[in-house]
Structure formats: structure tokens, C-alpha cells
1. Kindly evaluate PRO395 against the criterion of being at pLDDT below 90, over 29 Å from the mean Cα position of the chain (by Cα), farther than 30 Å from ARG253 by Cα and assigned to a loop (DSSP other than H, G, I, E, B).
2. Where residues in the range 325-381 are of a type in the set (Asp, Glu) and outside any strand (DSSP E or B), which of them is surrounded by the fewest Cβ atoms within 10 Å (Cβ to Cβ)?
3. Among the residues of the range 271-290, write down those that are assigned to a helix (DSSP H, G or I) and open to solvent by 40 Å² or more (accessible area, probe 1.4 Å).
4. Which numbered condition in (1) at pLDDT 90 or above; (2) assigned to a helix (DSSP H, G or I); (3) surrounded by fewer than 22 Cβ atoms within 10 Å (Cβ to Cβ) is the only one that ALA27 fails?
5. Quick one: in the range 122-170, which of the residues that are without any contact (Cβ under 8 Å) to a residue 24 or more places away in the chain, surrounded by 11 or more Cβ atoms within 10 Å (Cβ to Cβ) and charged (D, E, K, R) is nearest to GLN50 (Cα to Cα)?
6. Kindly evaluate THR198 against the criterion of being under 18 Å from the mean Cα position of the chain (by Cα), at pLDDT below 85 and either closer than 28 Å to VAL43 by Cβ or not in a strand (DSSP E or B) (or both).
7. Would you pick out the residues in the range 43-60 that are in contact (Cβ under 8 Å) with a residue 24 or more places away in the chain and open to solvent by 40 Å² or more (accessible area, probe 1.4 Å)?
8. For LEU331, which of the numbered conditions (1) modelled with pLDDT under 90; (2) within 23 Å of ALA32 (Cα to Cα) fails to hold?
Amino acid sequence: MAEVIPFHRPNDRDESRLPPMDLEAEAAVISALILCPALFAIVGAWLEPQHFYSEAHRRIYEAAHELWRAGEHVDVTTVSTWLKDHDRIAQVGGMPYITELLNAAPVVSARSIGAYATTVFDKWRQRSVIARMQTLIGEGYCGVPDTQSFLDGAVRGLDLIARRRAGEPDETNAQILSRMLRELSESPDTSKGRGIPTGLATFDRLTGGLYPGRKTIITARSGRGKTTLALMFALGAARRGIGVHVIVMEQTRSEILAKLTCGLAGVELSRWRDRALDADDWRRVTPAAAELAQLPIWIERIPRATPTQIRHAVMLRADSAITTEKKALGLVVVDHIHEEAPEPHLRTAKKQEQLGHAARTTKELATELGIPILELAQMRDLERDGGKRSRPVKPKLGCVSWAPQDIEGTADNLIAIWEPDPTHIEDVQVEILKVREGRRGTMKLRFKNEAFYEREDRVAVHPDVDDNKNPMLPASRRMIDTTPAARAAAEEESSELGALVDGHGGNT
């Protein structure tokens, strides 16, 4: 049985002879990952069991890491079960030590997990250097037949350690190919990507969804639905238990919640604003608002925010999402980049430089947190065919207003919304102009009641949209009972809505 090393080492006159280690950092990383497995998205790809000094910590992390890689649920029960099944529970000191580890370790957030993991990794690199030097000393004293080969080997070994960086997986080509083939064999359905599904089948099929660390730009002219599309993506993520932070600079939280509720319910926003909801509307709105009140969507209004203010707001939300809501932040929506204020040191700079800095800051934030970010942008007024004002021109790269090269250049994906036929403005096309993984293509959508619906090419007329094709509605609510008895029940149920929504204070 391996010795379980206490978190706090006793004072020892010979402590300087101990190998470099940080047991507190090791415990912090392990406890954070068991309590919030979503944090594996930040460190799981490059932090390995061998990087931990304590054998107990190595074994516990190995169990959690293997469960995460297999797509299994990670918690204290599944980790301990894995250790028992592999005859390693005694090596870690049993359940008492695992419990002590979880209780004694400090609270770790999405912002600090990387720092703790980097500490663990760097201590391992230091130990690796020491071990390599000890080997070289031994070989040197025993005599070397070829001095040049000895020195070349010494430099090569140290160089391999020096080139390892925190955040970069150490995989050979063979290992990467093996992993890719394994993932392909486990997911034969090509319609299922590794990103967050958006609920729009065509988009998910072409792009694979919203990938961690990637930034997606959604551009359109004013009032053409870029906010609505972003909110649909946000809703799809929240329904899967993924925390979503929506930062708005123009609209209020009430306006965003009204859009989401009407989109969920399939109710006209104008009827909501005019307070003209009938019994059937209430029958739809009540369950929609009840569901929305429970989802991990946090809306924050920051008028004229600077890129630094947005970064700070997202970092704070990432921390509070874990500590307060027990949900990991998994998606950020910024509406929109052209409303951002310049940093103080860039106030006299050209608009292009200001927007370029804002775009790069958002991309760096997505990479640092390992989550997808949706950033909305204004589309410039594209030229019309033949100089006429009759038909719009299909968007292409460079369609973003102001500094398109800087804004689009930082985007992994670029989506443009436009109306091919001005006489039917409810029918739009979404052009996927740039995609990091997947294929470019076109989505044909119809806008109604604050939601987009996928439509087919053969639809020549424009009948009322069938609610059963609304991706925002869960299957259990797509068929609405509108009998007199159901309407009476809806009126009674709606009287309880205010207390339900007001009593839920989590998604503020």
C-alpha cells in the first residue's frame, strides 16, 4: 500500500532535499474536477496522472480522468467505484482520504483551475529535470565511451522537457491518429458533432455544433435576427445543463427574457408588449416562462463595455457559476462588438485598430476558458444587383461593417443572415461563410414569433409555421391542448407564474 502524503508537510530540517511538489495544488485540482467535471474541458487534454507527485493523487486523478475520457459521469461515487474495480482503493487511503481531500482543498474556479494545474505540471517538469540530471551524473561517473554522443543525449533529453508546455497535450502522431480513429468508431453518426448542439439540424450537421475555445461571429443588418439566432443557440446549450452568459449592450434584460419566452412559447412578441395575450397565448407562455426560469442563463447588461470590462464580467461569471450555481460556464454571447467602447489607451486610435483589439480579446478569452463564444457584429449595407434596390446581394467574406479583416480574421466560424427576397422578409438564408471544422453551406430559415424554423426548398407559399417544427419547443410541449377546459386551467396556472419566476433567483 502506497504512503498517503498529508497535504501540509511537517517541518523537516532536510525538507530542501525533497523533490519539487505542491500537494495543495494537486488536491485543489482533483477536488475541483470531481466536484465540477466540466472543468476537465480546461485541463483534461494535457494534465496527466504522471504529473502528480503523490501516488494517491495520481490514482484518484487517473480514475476521474479515465471516466471523463470515456464520457462517463464523474463524481465521488463513480471515482471510488472505479478505484475499487481496479483494486486501487487501498492505494489511495480508502474513502476517508478521498473525503478528506474534497473537504480540505480550497475552492477552485474556472479562472484558477488552469493556474493550479500549471503548478502541478511545472513541479513535474522540475522533477523530470532532476531525474534526468541524476541519470547523467551516474552515467558520467561510470564513464562514457563517446563524449559527443553523451552530450548530445543530455541536450536532447533536457530539450524534450523544455519543450513541454502546460496546456499542450503530449501526443505522438501515432497516438493522435489512434485517438481520432477511436472517436470515429465510437461516433459513427456523422450528424453528431463534438461541439454543443444548437438545435438547428443543418447547422449542426455542417459544423458539428459550437466547439470549445472557438469564436463564432454572427452578422446581419439591423433587425435581421442575429440576436434571435444567438439566443436560440444559447437556449439549446442551457437545456443541456450548460451555463450561458449573455452580455448585452443595447437591450435590457427584460427585453431579452421576453424574446426568449415568446420564442419558446411560439407567441408574437407584439402581443406580449401590448399585453394582449389571450387564453391560448397564456397556455403557451406559462410553461415557457417556467422552464426558462430554471435554465442556467445569466443575462448581464453592460452599456458601452470595453473589451477589458467584458473579460472581467465573463471571468466573474465563470467563478460564480461554479461556486453559486454549481454549473460550469460553457457558452458566452456578446451582443455586439460594434457597440463596445474602446480601451482608454485606444480612444484616439483608428476605429479599425479599436475593433481589432476587441476581436482579439474575445478570441483570447474563448481560448483561455476553453468555451465557445458567440460574438454578434453589424453587417455593412451590401451593394445591390446592377445598382438597383430590388434584390440584396448574397453575403461573402468581408461583409462585416468596419474592420472586416480584423473581426472576421479572429473568428473560427462566420455566419451571415440575409433575405434573398425582399417581398418575403420572414424567409431568410444563413450563410456559413467560414468554418474551422466542418463545411460551409446555407441554411434556409423562416422567422416567426421570435424563433427561426428550418424550411424546405419546395415550400413555394408561406403558410403559418407549424409549431411542431419549432426547435425551441421541447417535444412534450409541441402539441398544445386548446380545449375550453385546458384554457381555463391555463388561466389558473398563469396566476402562479409570477411567484414561480420571482422566487427563482439563480439566473440573475
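1. no
2. Ranking the qualifying residues of the range 325-381, first place goes to ASP381.
3. If the condition is that a residue be assigned to a helix (DSSP H, G or I) and open to solvent by 40 Å² or more (accessible area, probe 1.4 Å), then ARG271, TRP272, ARG273, TRP282, ARG283 are the ones that fit.
4. (3)
5. Step by step, filter the range 122-170, then rank; the result is ARG165.
6. Taking the combined requirement at face value, the residue satisfies it.
7. Passing the criteria: ALA45, GLU48, GLN50, TYR53, GLU55, ARG59.
8. Only one criterion in (1) modelled with pLDDT under 90; (2) within 23 Å of ALA32 (Cα to Cα) is unmet by LEU331, namely (1).
The values are calculated or read from the model by the stated rules, or taken from the named source; none is laboratory data. Because the structure is a prediction, the values reported are computed rather than measured. Every residue, glycine among them, receives a Cβ derived from its backbone with ideal geometry; neighbour counts consider all protein chains shown. Heads up: the accessible areas ignore ligands, DNA and RNA and are worked out on the full protein's heavy atoms, side chains in. Shrake-Rupley method; radii C 1.70, N 1.55, O 1.52, S 1.80 Å.
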